[in-house]
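Below: the structure, in structure tokens.
The values are calculated or read from the model by the stated rules, or taken from the named source; none is laboratory data. If you're wondering where the values come from, they're calculated on a predicted model, not measured in any experiment. Because the Cβ atoms are built from the backbone with ideal geometry, glycine has one as well, and the counts that use them run over all protein chains shown. Keep in mind that these areas ignore ligands, DNA and RNA; they rest on the heavy atoms of the full protein, side chains included. Shrake-Rupley method; radii C 1.70, N 1.55, O 1.52, S 1.80 Å.
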Amino acid sequence: MDRLIHATAADGTVRVISAVTTGIVAEATRRHGTSPTVSAALGRMLTGTLLLGSTIKEFDRLTVKIDCSGEVGGITAEATNRGTVRGFVKNPIAEPPPKPNGKFDVSGIVGEGNFVVIREAGSEIGFRPEPYVGSVPIVSGEIAEDFAYYLAKSEQIPSAVLLGVLLQNTEPFVAASGGVLIQMMPGANDHIVTMIEDTVSRSPHVTEMVKEGAGPEDLARVALGVVHFEVLEEKPVSFACTCSLEKASAMIAALGGAEVQSMIEEESGAVMNCGFCNETFSLATSDLENILEENR
Ligand code: ZN
């Protein structure tokens, strides 16, 4: 089961969030039928958004978007503070040749564009306040660096971010996925910051560790090196969408009686697809007739 932890280090001046997200990324990539390189890109986005999303308040929603010119066209991920995340890409089948070092060319399919973070307070309980939107140019396209750049530039929080997805040739195609987000809060000692940055830059591939069974505590330990940390909270995390047959029916009803009538006569039913999770909802003619009846 996927898990996330919150930890603190250096007398509370360093915040550490880490997670194992293998199941989340396996489900998202299966649902969207993504190519290997897009799977890596979407998996990193989902993991980074989940880590950052775990710092928001209850009922708030965090959306991270990459609007880009590369072949993937755009990536969107959305998280709640309850440990759920969902996401999608514009073009799931982009697949360039690997980089000379054999790695997936994630920055190659992302290209140039903007990294956008949207924070909506209370949106999970129906509030619709003005969202807070922060945006920075894409500096790397490898995604972890873009999260770190955004946090430093737009939110003035020096951060180190590690995100990794390991794929394999057999099902489930996602062998391991995980990430670590380290944030230096006001008062963080420069010496500690340098030490952590140095450790993170030399960290071994977190995904190999996850594949061998490492948990979020192990990822935090590797990222922090000799810096001692204390775990404050632990929670299960999962891929979850907010769509449902009821919501799909409500959307059809909102189209109005004339439109629903024409669906019955001309299309003998209706099919709706959720962009976030690729779930399809089919409504038969009898369902549409019920909708007409209920809204008469
Ligand atoms: Zn959905």
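Just one of the listed residues (K211, K247) is within 16 Å of the ligand (Cβ to nearest atom) and either over 24 Å from G83 (Cβ atoms) or open to solvent by 60 Å² or more (accessible area, probe 1.4 Å) (or both), and it is K247. The residue list V260, V227, V231, V271 contains one member that is assigned to a strand (DSSP E or B) and over 20 Å from G48 (Cα atoms), which is V271. The set of residues from the range 259-280 being closer than 26 Å to T84 by Cα and either more than 16 Å from the ligand (Cβ to nearest atom) or open to solvent by less than 30 Å² (accessible area, probe 1.4 Å) (or both) comprises C274, C277.
In the range 77-101, the residues that are more than 16 Å from the ligand (Cβ to nearest atom) form Cβ pairs under 7 Å with partners that are in a strand (DSSP E or B), at six or more places apart or across chains, as follows: G83/L4; G83/K235; G83/P236; G83/S238; K90/G74.
Which fully enclosed strands (runs of 3 or more DSSP E) of the range 1-94 have 3 or more residues being over 19 Å from G113 (Cβ atoms) and either open to solvent by less than 10 Å² (accessible area, probe 1.4 Å) or not aromatic (F, W, Y) (or both)? Talk me through it step by step, then tell me what you get.
On the way: elements: 3-9, 14-20, 61-68, 74-80, 84-89.
Fully inside the range 1-94 and qualifying: 3-9, 14-20, 84-89.
Scanning the range 28-55 for residues that are within 15 Å of G83 (Cβ to Cβ) and more than 12 Å from the chain's Cα centre (by Cα) gives a single hit, T55. Residues of the range 109-154 that are assigned to a helix (DSSP H, G or I) and open to solvent by less than 40 Å² (accessible area, probe 1.4 Å): I109, V110, S123, A144, D146, F147, A148, Y150, L151, S154.
Look at A94 and say whether it is touching a strand residue (DSSP E or B) at 6+ places or on another chain (Cβ under 6 Å), assigned by TED's automatic domain parsing to the domain that holds Y149 and over 30 Å from I192 (Cα atoms). So A94 fails the test. Could you grab the pairs with beta carbons closer than 9 Å, sequence gap of 6+ or different chains, first residue in the range 223-247 and farther than 16 Å from V20 by Cα, second one within 16 Å of the ligand (Cβ to nearest atom) and aromatic (F, W, Y)? Close Cβ pairs satisfying both conditions: C241/F276; T242/F276; C243/F276; C243/F281; S244/F281; L245/F281; K247/F281.
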